[in-house]
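Asks: Questions regarding the structure given below will be posed in turn.
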Amino acid sequence: MVGYAQAAPNGCRGNPLEETKMPPKVIAVVGATGAQGGGLVRAILNDRSGEFAARALTRDVNSQKARELARMGAEVVAADVDDVESLKRAFAGAYGAFCVTFFWHHMSAEREMAEARNMAEAAKAAGVQHVIWSTLEDMRQWVPLTDNRMPTLQGKYKVPHFDGKGEANRFFLDRGLPVTLLNTSFYWDNFIHFGAGPKPGPDGVLALTMPMGDKRLPAMAAEDIGKCALGIFKAGREFIGKEIGIAGEHLTGQQLAEKLSRALGREVRYHDVPPEVYRGFGFPGADDMGNMFQVKRDFNDQYVGARDLALARRLNPDLQTFDAWLAKHKHEIPIEGA
């Protein structure tokens, strides 16, 4: 942001058009060494306008990822989402805060909600002018606990890693915070890190297995969430008080498999299974993921409709398609027997 100095009074020499740059506005980024937060920190550091400065929050300031962010120019500070006082210190003096939680570290919706409550309390205490809360829908709006089409998990959730975030929206809203509720999407990076990529079947042919039928799956590169978040901050007050959703593309399982086949140079088939079969696969969180895919399938129009591709590209003109993401990351996708 650029302002102009006033002309020197009483004939004193001075240039009335002398530019004085305002100091960059600090964005405190929770989860700065993770996928979303790391994407935002890098986006801020690579932004030529210099409008913002990145304050990277992390539990371990001496980790390799934290040291790398410091070398890139980020201010790295220690903070723990389970310690509200550490968050208050880390948010102090910041213009904005990017808040995200870590369900898959502990797989507890209750703990995730406690983390969100701490961040909202810290943001309120610090008086930040813009909060982005990286959230997801409470799926119980579509499948209430009385609906037996899928099991209830952790006592009172249908899709714990969605429902806890959605329920936690109220922590930010009830405090009157200047918040943007940002509904994110499935990461294509899950094909690398989460074990969601194609796997060989009994015949050796790779299969991408999801209980999605012929419905579309909104998804995107994880780093693009951070880039979209920067676009929201750069838009000023436009998105404060609003709930928005983003994705890179809306693709069916068949389309994903076809694109994976071309990128990997091997046939990948889309394998649609019933949600109850997926829930029984036995990996940690299979029941949660099975319920998630089932809700996305059964309420596809509502879920897809809440994720605006044009808005995502406006916020992040470099938004990647799945083909573009695959061109960069196909060699990172672990393929058994390759």
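Asks: Under a 5 Å amide H to amide H cut-off, with H placed in plane at 1.01 Å, what residues pair with His271 once short-range neighbours are removed?
Replies: Under 5 Å from the amide H of His271 lie the amide H atoms of Leu208, Thr209, Met210, each far enough along the sequence or on another chain.
Asks: Next up: Work out the charge dipole of the chain with +1 on the Cβ of Lys and Arg and -1 on the Cβ of Asp and Glu about the Cα centre, then indicate which of Phe293, Gly50, Val81 is farthest towards its positive end.
Replies: In the chain, that residue is Gly50.
Asks: Can you pull the percent of the stretch 67-209's accessible area that's carbon plus sulfur, 1.4 Å probe, other chains left in place?
Replies: Ligands and nucleic acids excluded, carbon and sulfur reach 50 percent.
Asks: At a 1.4 Å probe, what is the % contribution of carbon and sulfur to the accessible area of the stretch 227-323?
Replies: Roughly 49 percent of what the probe reaches on the stretch 227-323 is carbon or sulfur.
Asks: Charges only on Cβ, +1 for Lys and Arg, -1 for Asp and Glu: so what's the dipole of the chain about the Cα centre, in debye to the nearest 20?
Replies: In total the dipole reaches around 700 debye.
Asks: Antiparallel versus total DSSP beta bridges in the chain: what percent is that, nearest 5?
Replies: Rounded to the nearest five, the antiparallel share is 25 percent.
Asks: Can you tell which of Gly197, Ile246, Val29 lies farthest toward the positive end of the dipole of the chain, using +1 and -1 charges on the Cβ of basic and acidic side chains (Lys, Arg; Asp, Glu)?
Replies: Val29
Asks: Follow-up. Please give the charge dipole size of the stretch 173-278, origin at the Cα centre, charges +1 on K and R Cβ atoms and -1 on D and E Cβ atoms. Round to the nearest 20 debye.
Replies: Roughly 280 debye, rounded to the nearest 20.
Asks: Which entries of Lys156/Lys296; Lys296/Lys328; Lys156/Lys199; Lys165/Lys227 have Cα-Cα distances beyond 23 Å here?
Replies: In this structure, Lys296/Lys328; Lys156/Lys199 exceed 23 Å between Cα atoms.
Asks: Further, regarding this structure: Per residue, how many Å² of accessible area does the chain show with a 1.4 Å probe?
Replies: Result: 45 Å² of accessible area for each residue.
Asks: Follow-up question, since we're still on this one. If you plug each phi of the stretch 264-280 into the Karplus form 6.51 cos²θ - 1.76 cosθ + 1.60 with θ = phi - 60°, what whole-Hz ³J(HN,Hα) values come out, in order, with x for Gly and Pro?
Replies: Once rounded to whole Hz, the list reads 7, x, 9, 5, 10, 9, 7, 10, 8, 10, x, x, 5, 5, 4, 4, x.
The values are calculated or read from the model by the stated rules, or taken from the named source; none is laboratory data. Since we're looking at a predicted model, the values are computed, not measured. Don't worry about glycine lacking a Cβ; one is built from the backbone with ideal geometry, like all the others, and counts go over all protein chains shown. Just so you know, the surface numbers come from the protein's heavy atoms only, side chains and all, with ligands and any DNA or RNA stripped out. Shrake-Rupley method; radii C 1.70, N 1.55, O 1.52, S 1.80 Å.
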